[in-house]
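The values are calculated or read from the model by the stated rules, or taken from the named source; none is laboratory data. No experiment lies behind these values; they were computed from the predicted model shown. Note that we place each Cβ from the backbone using ideal geometry, even for glycine, and neighbour counts take in every protein chain shown.
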Amino acid sequence: MRNDTPAWLQQNVQLQPYNTLSLPAIARYFTTVDSLADLQAVLVWAKEKDVDVLPLGGGSNVVLADDYDGLVICLRFMGRELIDGQDGEVLVRAAAGEEWHSFVCWTLEQDCFGLENLSLIPGTVGAAPIQNIGAYGVEIQDVFHSLEAVNVRTGELVTYAGDDCRFGYRDSVFKGEDRDCFIITSVTFALTRTFAPTLGYGELHREVECEAQERGCPVSAALVSDVVCRIREAKLPDPGQIGNAGSFFKNPVVAETHFQRLKGKFENLVAYPAGEGHWKLAAGWLIDQCGFKGVTHATSAGVYQNQALVLVNHGGASGKDILALADEIKAAVWARFAVELEIEPRIYG
């Protein structure tokens with residue numbers, strides 16, 4: 001019988017090395033692409049075979065709850081370039097497969113500012129707009145210019161401007177209406193040649209001021225990046241050592257009336273203004289108050305000892321184990337605070 005399996009296609013591939021939670025799952029089909037032409041050819045095959053596709057970059061924001069009965073496409077598009085800007089603005093384009101932190105460091109080396117607060121966030125450039133990643137007062141939407149993506153069904157390359165992406169808090173159109181419909185191939189950022197620090201978060205502001213004083217130098221983008229890295233390293237585990245997907249829950253936003261009720265009962269409540277009449281609660285604090293910080297289940301699914309917002313796989317946990325722990329945490333937070341937590345990573349399976 002003739003074997004019509006393409007040479008580029010692998011079958012029954014273990015995905016544990018391809019996700020930072022180190023969750024075991026088998027992909028029925030698997031391939032790696034590093035060019036637009038290769039991606040489009042792979043999508044033609046998937047359409048002909050009526051096979052679903054799942055693009056994976058760094059695998060840092062996914063929970064694989066089961067085997068994947070489709071085609072996993074590992075994206076390895078590489079490349080960075082500066083594009084002339086105007087009035088001190090500079091456009092910087094990066095391919096989707098570029099490692100995020102390395103790209104941030106590169107922009108700082110080019111004296112392009114705006115991404116320093118987003119240092120050391122795991123994952124790839126292509127995943128950043130999907131999640132509208134953010135940290136310490138800066139989100140992708142603040143520095144976003146445009147992106148290019150391939151339509152999974154047609155293979156057409158399309159461009160998204162900022163409004164097209166419908167960015168929200170850890171959200172975008174790629175997690176909603178256009179979920180699984182497009183594969184991002186490159187992202188262009190609108191950065192600046194004039195450094196203006198964003199230090200609205202108290203902890204970051206204090207640490208940056210202390211570091212600048214110790215070094216005897218003014219605050220710079222490189223200094224802010226260094227401090228952000230130090231803070232993140234102290235709070236978050238290295239996925240290479242302990243499986244994790246970073247922050248597992250979004251910080252919930254509640255109305256003023258609910259915030260005041262909670263503040264009356266819990267005077268140490270950690271919260272930040274989130275627009276008129278709303279407050280953003282620190283999900284990690286809520287989880288910690290429910291006694292979950294440092295807890296590890298028999299399944300090896302646990303909560304990181306230094307940051308209750310991070311769920312970890314100590315080795316041997318499955319995606320279902322992680323989600324069972326997440327459900328337990330959500331139920332406890334709801335019972336105590338009447339606040340519903342929302343899972344941040346994308347769940348497959």
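Looking at the range 18-48 only, could you name the residues that are small (Gly, Ala, Ser) and either over 22 Å from ILE133 (Cα atoms) or in the same structural domain as PRO129 (by TED's automatic domain parsing) (or both)? Scanning the range 18-48 gives ALA25, ALA27, SER35, ALA37, ALA41, ALA46.
Taking the criterion of being more than 23 Å from the chain's Cα centre (by Cα) and among the polar types (S, T, N, Q), the residues of the range 1-34 that qualify are ASN3, THR5, GLN10, GLN11, ASN12. All of VAL63, VAL51 fail the test of being part of a loop (DSSP other than H, G, I, E, B), on the phi < 0 side of the Ramachandran plot, of a type outside the set (Ser, Thr, Tyr) and assigned by TED's automatic domain parsing to the domain that holds GLN16, apart from VAL51. Starting from the range 87-112, take each residue that is modelled with pLDDT under 95 and list its partners that are surrounded by fewer than 18 Cβ atoms within 10 Å (Cβ to Cβ) and hydroxyl-bearing (Ser, Thr, Tyr), counting only C-beta distances under 7 angstrom and pairs at least six apart or across chains. That search, which allows pairs on different chains as well, returns GLY88/THR192; GLY88/THR194; GLU89/THR192. Among the candidates ALA298, ALA282, single out the residue that is surrounded by 15 or more Cβ atoms within 10 Å (Cβ to Cβ) and either assigned by TED's automatic domain parsing to the domain that holds ALA135 or among the hydrophobic types (A, V, I, L, M, F, W, C) (or both). Only one candidate passes the filter, namely ALA282. Tallying residues that are charged (D, E, K, R) and in a helix (DSSP H, G or I) within the range 1-40 yields 1.
What do you reckon, is VAL138 modelled with pLDDT of 95 or more, closer than 23 Å to ALA94 by Cβ and not assigned by TED's automatic domain parsing to the domain that holds LYS47? Against the criterion (modelled with pLDDT of 95 or more, closer than 23 Å to ALA94 by Cβ and not assigned by TED's automatic domain parsing to the domain that holds LYS47), VAL138 qualifies. A count restricted to the range 4-36 and to residues that are in contact (Cβ under 8 Å) with a residue 40 or more places away in the chain and touching an Asp or Glu at 6+ places or on another chain (Cβ under 8 Å) stands at 4. For ALA298, only one of the following conditions fails: (1) closer than 27 Å to PRO17 by Cα; (2) within 21 Å of the chain's Cα centre (by Cα). What is its number? Only one criterion is unmet by ALA298, namely (2). Could we say that LYS320 is within 22 Å of ALA25 (Cβ to Cβ) and either in contact (Cβ under 8 Å) with a residue 40 or more places away in the chain or under 23 Å from the mean Cα position of the chain (by Cα) (or both) here? Taking the combined requirement at face value, the residue satisfies it.
Of ALA135, ALA127, ALA161, ALA149, all but one fail to be surrounded by fewer than 16 Cβ atoms within 10 Å (Cβ to Cβ) and either hydrophobic (A, V, I, L, M, F, W, C) or on the phi > 0 side of the Ramachandran plot (or both); the exception is ALA161.
Of the residues making up the range 19-53, those that are polar (S, T, N, Q) and over 16 Å from ARG76 (Cα atoms) number 2.
The rows are residues; the columns are (1) over 30 Å from LEU23 (Cα atoms); (2) charged (D, E, K, R).
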| site | (1), (2) |
| --- | --- |
| ARG166 | yes, yes |
| ARG170 | no, yes |
| ALA190 | yes, no |
| ARG230 | no, yes |
| LEU236 | no, no |
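Restricting the range 302-349 to residues that are over 29 Å from LEU262 (Cα atoms) and of a type in the set (S, T, N, Q) leaves a set whose member that is surrounded by the fewest Cβ atoms within 10 Å (Cβ to Cβ) is SER318. Looking only at residues in the range 14-31 that are surrounded by fewer than 19 Cβ atoms within 10 Å (Cβ to Cβ) and in contact with a Phe, Trp or Tyr (Cβ under 8 Å, 6 or more places away or on another chain), the one that is farthest from ASP50 (Cα to Cα) is ILE26.
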